[in-house]
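Laboratory data are not the source of any read-out in this text; all were calculated from the coordinates shown. Because the structure is predicted, anything quoted here is derived from the model rather than measured. Note that each Cβ is placed from the backbone with ideal geometry, even for glycine, and that neighbours are counted across all protein chains shown.
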Amino acid sequence: MRRALVVANWKMHGDRRFITSFASQYGDAPVGVDVVICPPLAYLAQCVAAFRGRRIRFGVQNVATVPSGALTGEHAAEMARDLGAEYAIIGHSERRSLFGESDAIVAQKFQAAKRAGLNPILCVGETLQQRRSGRAHATVHAQLAAVLDNAPAPALEHATIAYEPVWAIGTGATATPAVAQDMHAAIRERLGRAGVAARTRLLYGGSIKADGAAALFAAADIDGGLVGGASLDATAFAAICCAAACAPCAATTNDTTGTQ
Ligand code: PGA
């Protein structure tokens with residue numbers, strides 16, 4: 001039913017030489033896995049050219065809420081699409097905490113990505129303080145509700161949800177498969193009310209490494225990963241993609257790669 005998906009979030013890293021070298025070291029997406037690379041926008045066109053002929057797809061890490069306008073420094077979802085992107089990471093915790101993106105703005109960006117024909121990858125996740133105070137589920141549900149309550153069911157087609165506990169991002173502290181699965185199951189249940197639970201891919205993100213990836217991907221509701229730091233190493237990223245190929249969800253799916 002659901003095909004495995006592994007997404008590289010390069011954040012604000014890399015340059016032209018890095019991309020040439022990464023493309024020569026990384027082979028191709030393993031059979032049964034959709035692989036998406038989200039480079040800095042400035043290098044999107046170079047990435048598309050560097051991987052031409054392979055099954056790799058591309059995404060951006062952010063989009064503006066509107067298609068054009070006097071918004072110095074912003075880039076529209078339509079522009080990303082024009083450059084070859086098919087996916088857009090929406091509401092990453094760094095966007096929320098460092099750039100002041102509220103749930104309402106995240107919801108607008110989700111719609112902006114859909115409008116442009118990009119597949120949104122909506123990030124949700126709680127802080128350590130929220131988890132310690134027993135509010136992890138409530139936090140994630142509120143983040144989901146902000147988008148899902150305003151999105152008609154068709155808007156959720158081709159969308160992906162990434163559960164990224166903030167305390168695990170870039171810290172080396174990966175959530176255990178049990179902790180991640182617990183939240184993924186809750187997210188899937190929430191999607192059930194929107195009628196898209198079975199088809200929506202749910203990714204785990206937060207310090208995924210090659211050696212722990214297989215255990216995470218084996219969990220029933222984890223369909224792949226959103227990978228930050230480890231995606232900058234072609235060998236480590238290839239190993240993570242291979243781990244997704246071996247996970248049960250990858251065994252039985254039709255190809256959902258591409259835009260709607
Ligand atoms: P990390 O980043 O793998 O470096 O923790 C994940 C992310 O921020 O998407």
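The modelled label-to-label distance for the pair Ser97/Cys242, using points 7 Å beyond Cα in the direction of Cβ, is 3.3 nm. For Lys209, a cut-off of 12 angstrom between C-alpha atoms picks up these aspartates and glutamates, skipping any fewer than 8 places away in its own chain: Asp233. Counting every other Cβ atom within 10 Å of each residue's Cβ, Tyr204, Tyr87 order from fewest to most as Tyr87, Tyr204. A Cα-only calculation for segment 4-250 places Rg and Dmax at 16.7, 49 Å. Fully extending the segment from Thr20 to Ala185, taken as 0.36 nm per residue of separation minus the present Cα-Cα distance, adds 55.5 nm. Quick one: net charge around Met12, please, counting Lys, Arg +1 and Asp, Glu -1 for every other residue with C-beta under 13 Å from its C-beta. In short, 0. Shown for Thr160, Thr139: other C-beta atoms within 10 Å of each C-beta, ranked fewest to most, produce the order Thr139, Thr160.
In summary, the aspartates and glutamates within cross-link reach of Lys114, defined as a Cα separation below 16 angstrom excluding same-chain residues under 8 places away, comprise Glu78, Asp82, Glu86, Asp149, Glu157.
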